[in-house]
Amino acid sequence: MGIVSLVIFLFFLPFAWLFWTGMNSKAGKTKRANWKIALVALIAVLFISVVLNYYYSNVYQLSFFQNGLESTIALIICGAFLLIVGIVNVIVSILFKGAPKSVHNPKMAWAVTGVLCAVILFFTMWVYPLGEKASYIHKVQKALAMSEQQQADEEITVLFLSSEKECMRTSSSNCNNENYKNSFFLKNNLDEQKEVQVRIRALNSEQQELKVVESEVMTLEAGELKLVETEETSDDESLWSRASFETDSRVRSYESLYRFRDAN
């Protein structure tokens, strides 16, 4: 999650700067919010993100946008937030009816709510997927480098890339119940298309067995690198969000056995 966190942080900076200068302006420390720097920074990171998305789409054949299900979930989250804040705003408006705007300003409250909803949608539908794409590409590049070192005389190379929780701070209490998502890759080192299946025995740091899984029968082109897909791999998630399988504890090492045949 390190790359994902970094991308989110970079996009958060312009909003944080605008909020900080706005608070200083309200407190009388400055005459007005210095929104120009924040706007320029936001436009810059937006431009870079569009270029990166275009590059990922053309070079790695990744979809420009996340899939429909993930977008629907983002809309539901935003809708739930809007509903809760809207109810609170209506109740406060009734309780403080006729109060001066310094106490409660309904129009300002709705405006802030609308802006927050837009920001939530922006981060869930654009920023977070971009971070996951960058993390996925990093894994692919790392897998390719590892395959060049490991392949030797192997027909098929099995690569273990990561075992991590989808949490910004894995030590926090909110992440205790999260499973570890494990990413394994297969590379076809032969000169022709093959159908491949691999059996993976995941081990912890003490070499104790965590789980044994079998992949789906996967078709790999000559020289192709592909994420190992099992029955736990979700087809509803975008390619860059998928994992091979989950475990309760972090995978430290593994044993594997593969078989392959000519593709029909």
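Below is a table of values for the structure above.
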| read-out | value |
| --- | --- |
| Residues within segment 115-129 that are free of Cβ contacts under 8 Å to residues at least 60 places away in the same chain and open to solvent by less than 40 Å² (accessible area, probe 1.4 Å), tallied | 1 |
| Hits in segment 234-257 - residues which are in a loop (DSSP other than H, G, I, E, B), acidic (D, E) and farther than 18 Å from E216 by Cβ | D248 |
| Matching option when the condition is open to solvent by less than 70 Å² (accessible area, probe 1.4 Å) and either touching a residue at least 12 places away in the same chain (Cβ under 8 Å) or closer than 22 Å to G2 by Cα (or both), among A74, A111 | A74 |
| Scope segment 180-212; condition open to solvent by 60 Å² or more (accessible area, probe 1.4 Å) and outside any strand (DSSP E or B); matching residues | D191, E192, Q193, S205, E206, Q207, Q208 |
| Checklist (1) on the phi > 0 side of the Ramachandran plot; (2) without any contact (Cβ under 8 Å) to a residue 24 or more places away in the chain applied to G223, failing item | (2) |
| Scope segment 244-264; condition within 22 Å of K194 (Cα to Cα) and surrounded by 14 or more Cβ atoms within 10 Å (Cβ to Cβ); matching residues | S244, S256, Y258, F260 |
| Residue within segment 96-106 that is aliphatic (A, V, I, L, M), open to solvent by 30 Å² or more (accessible area, probe 1.4 Å), out of contact with any Cys (no Cβ under 6 Å at 6 or more places or on another chain) and at pLDDT below 85 present | yes |
| Yes/no for A222 being of a type in the set (A, V, I, L, M, F, W, C), open to solvent by less than 80 Å² (accessible area, probe 1.4 Å) and assigned to a loop (DSSP other than H, G, I, E, B) | yes |
| Single residue of segment 206-224 satisfying the filter (touching a Ser or Thr at 6+ places or on another chain (Cβ under 7 Å) and aliphatic (A, V, I, L, M)) that is farthest from P129 (Cα to Cα) | L210 |
| Some residue of segment 145-157 being in contact with a helix residue (DSSP H, G or I) (Cβ under 7 Å, 6 or more places away or on another chain), open to solvent by 40 Å² or more (accessible area, probe 1.4 Å) and at pLDDT below 90 | no |
| Residue in segment 36-49 that is at pLDDT 90 or above, closer than 30 Å to D235 by Cβ and not polar (S, T, N, Q) present | no |
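The values are calculated or read from the model by the stated rules, or taken from the named source; none is laboratory data. All of these numbers come straight from a predicted model, not from anything done at the bench. Positions of Cβ are backbone-derived with ideal geometry, glycine not excepted, and every protein chain shown enters the neighbour counts. For the accessible areas, the whole protein counts, side chains as well, though only heavy atoms, and no ligand, DNA or RNA atoms are used. Shrake-Rupley method; radii C 1.70, N 1.55, O 1.52, S 1.80 Å.
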